[in-house]
Amino acid sequence: MGPPSAKIVLLGYPQLFDEDSLTCVSGVGGAGMIRINAMARSMASAQQQMVTTPHSSGVPVSYESPDPDFAGRRACDDPEGIDKIVVAPQGNGDFRRKPGGSWCVSRESFHPTGTGTSACAQAFVRAVGKL
């Protein structure tokens, strides 16, 4: 049996918001947008660090950030690449509102839209091109 031939691409997380957008009604407020973007940057840093640590398996792992591909496509941008808060039920597995409750948050909230999945695909194609 020869050496492993698999190659793994770890696609990171984009920042969800353009923090300079003064008209964004995100459902989390301006301070929330800044905190969420900071968490995305922190996760990206941890992911990059993880793939640069040598692995005993010998399988090459590379990291690619989709963040540049989301420039102009974040939540509140036009076109919007990330959903803001979506009211449930919209998708499979969504919570249902409790009796007497007015609404519940969908699991589609803060996930890529069709525009966003295209941005992720661009990052993945770029990453595969580097292998």
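Results for (1) modelled with pLDDT under 85; (2) surrounded by 14 or more Cβ atoms within 10 Å (Cβ to Cβ); (3) of a type in the set (Ser, Thr, Tyr), shown as yes or no for each residue.
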{"site": "Ala40", "(1), (2), (3)": "no, yes, no"}
{"site": "Ala44", "(1), (2), (3)": "no, yes, no"}
{"site": "Ser57", "(1), (2), (3)": "yes, no, yes"}
{"site": "Glu64", "(1), (2), (3)": "no, yes, no"}
{"site": "Glu108", "(1), (2), (3)": "yes, yes, no"}
Worksheet item: Quick check: anything in region 15-32 out of contact with any helix residue (DSSP H, G or I) (no Cβ under 9 Å at 6 or more places or on another chain), surrounded by 15 or more Cβ atoms within 10 Å (Cβ to Cβ) and within 20 Å of Gln122 (Cβ to Cβ)?
Response: no
Worksheet item: Could you say whether any residue in region 75-88 is closer than 30 Å to Leu131 by Cα and loosely packed, with under 15 Cβ neighbours inside 10 Å?
Response: no
Item to complete: Please determine, by comparing only the residues of region 8-42 that are without any contact (Cβ under 8 Å) to a residue 12 or more places away in the chain and outside any helix (DSSP H, G or I), which one is farthest from Ala119 (Cα to Cα).
Response: Leu22
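The values are calculated or read from the model by the stated rules, or taken from the named source; none is laboratory data. Computed from a predicted model, the values in this text were never measured in an experiment. Counting neighbours? That spans all protein chains shown, and the Cβs are built from the backbone with ideal geometry, glycine included.
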